[in-house]
Amino acid sequence: KLGYRVVHTTIANILNEHGIEPAPNRSKRTTWAEFLQMHWESIAAMDFFTVEVWTAKGLTRFHVLFVIDPSTRRAEIAGITSIPHGAWVEQVLRQQMDDFDGFLRNHKYLIHDRDPLFTTAMIEMIASAGIKSIKLPPKSPNLNAYAERFVRSIKDESLNRIIPIGERHLWRAVDAYVQYYNHDRPHQGVGNVVLDPSFEPADPNGKVICDEQLGGLIRSYRRAA
């Protein structure tokens, strides 16, 4: 129609360059949004973020591994280490898959990026527990948006305002924030409600109480019961 003469291989190459499947398969392909919608309650995501910590050796970079449930926004710190490696990640995830109280015990899909720390052995290990690894394409943080938003929240509201002194201080800081995030912080993405309130239903006309953590760095407000 446009006057160009092309062959089938030319068309195939153009489709491949843009990640488009051939016509017979295109209608069978599930989009990312459709996948999330169909499996929403069974999906968990995980990722790392880093924190500079003051230690006896000077500033040391620690890696924090966390897991999050996109459907509820609930998050949990899985582990913290200054020397991350594949075997450490595997051990941490074994704890998260505990049948009694593991964060991943009711999930069937685990979203993660292509970090080398997420090894083939790790993928096989979680598969043996009935959890399928969903490895994201390179350079696609938007596909793990809920995890990325958690990282932004914990850094903007807490970790970027302090310099943790030692690993124990770092654990205390992230534990305090996760407690606040899960039990006291309203979340706009789920109707501006608290995920799992730590306080009793209150008198709407009661006295306003301010709860503080980390020396007042994290504050939340509620009505007295």
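The values are calculated or read from the model by the stated rules, or taken from the named source; none is laboratory data. All of these numbers come straight from a predicted model, not from anything done at the bench. Note: ideal-geometry Cβ built from the backbone for every residue, glycine included; neighbour counts use all protein chains shown. In case anyone asks, the SASA skips ligands and DNA or RNA and just uses the protein heavy atoms, side chains included. Shrake-Rupley method; radii C 1.70, N 1.55, O 1.52, S 1.80 Å.
Before moving on, here are some points about what is shown:
- Residue check for Arg5: in contact with a strand residue (DSSP E or B) (Cβ under 7 Å, 6 or more places away or on another chain) and in a loop (DSSP other than H, G, I, E, B): no
One line per residue, one yes/no per condition, for (1) farther than 30 Å from Leu217 by Cα; (2) in contact (Cβ under 8 Å) with a residue 60 or more places away in the chain; (3) touching a helix residue (DSSP H, G or I) at 6+ places or on another chain (Cβ under 7 Å):
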| residue | (1), (2), (3) |
| --- | --- |
| Trp88 | yes, no, no |
| Gly102 | no, no, yes |
| Arg149 | no, no, no |
| Arg152 | no, no, no |
| Lys155 | no, yes, no |
| Ser158 | no, yes, yes |
| Ile162 | no, no, yes |
| His169 | no, yes, no |
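- Among (1) at pLDDT below 95; (2) open to solvent by less than 40 Å² (accessible area, probe 1.4 Å), the one test that Ala56 misses: (2)
- Residue list for the range 98-124, restricted to those being open to solvent by less than 30 Å² (accessible area, probe 1.4 Å) and farther than 18 Å from Ala147 by Cα: Gly102, Met122
- Considering the range 191-225, the residues that are modelled with pLDDT under 85 and among the aliphatic types (A, V, I, L, M) include one that is surrounded by the most Cβ atoms within 10 Å (Cβ to Cβ), namely Ala202.
- Look at (1) closer than 29 Å to Asn192 by Cα; (2) open to solvent by less than 50 Å² (accessible area, probe 1.4 Å); (3) in contact (Cβ under 8 Å) with a residue 12 or more places away in the chain and you find that Leu143 fails only one, number (2).
- Filtered by the rule that a residue be assigned to a helix (DSSP H, G or I) and at pLDDT 85 or above, the range 15-53 gives Trp40, Glu41, Ser42.
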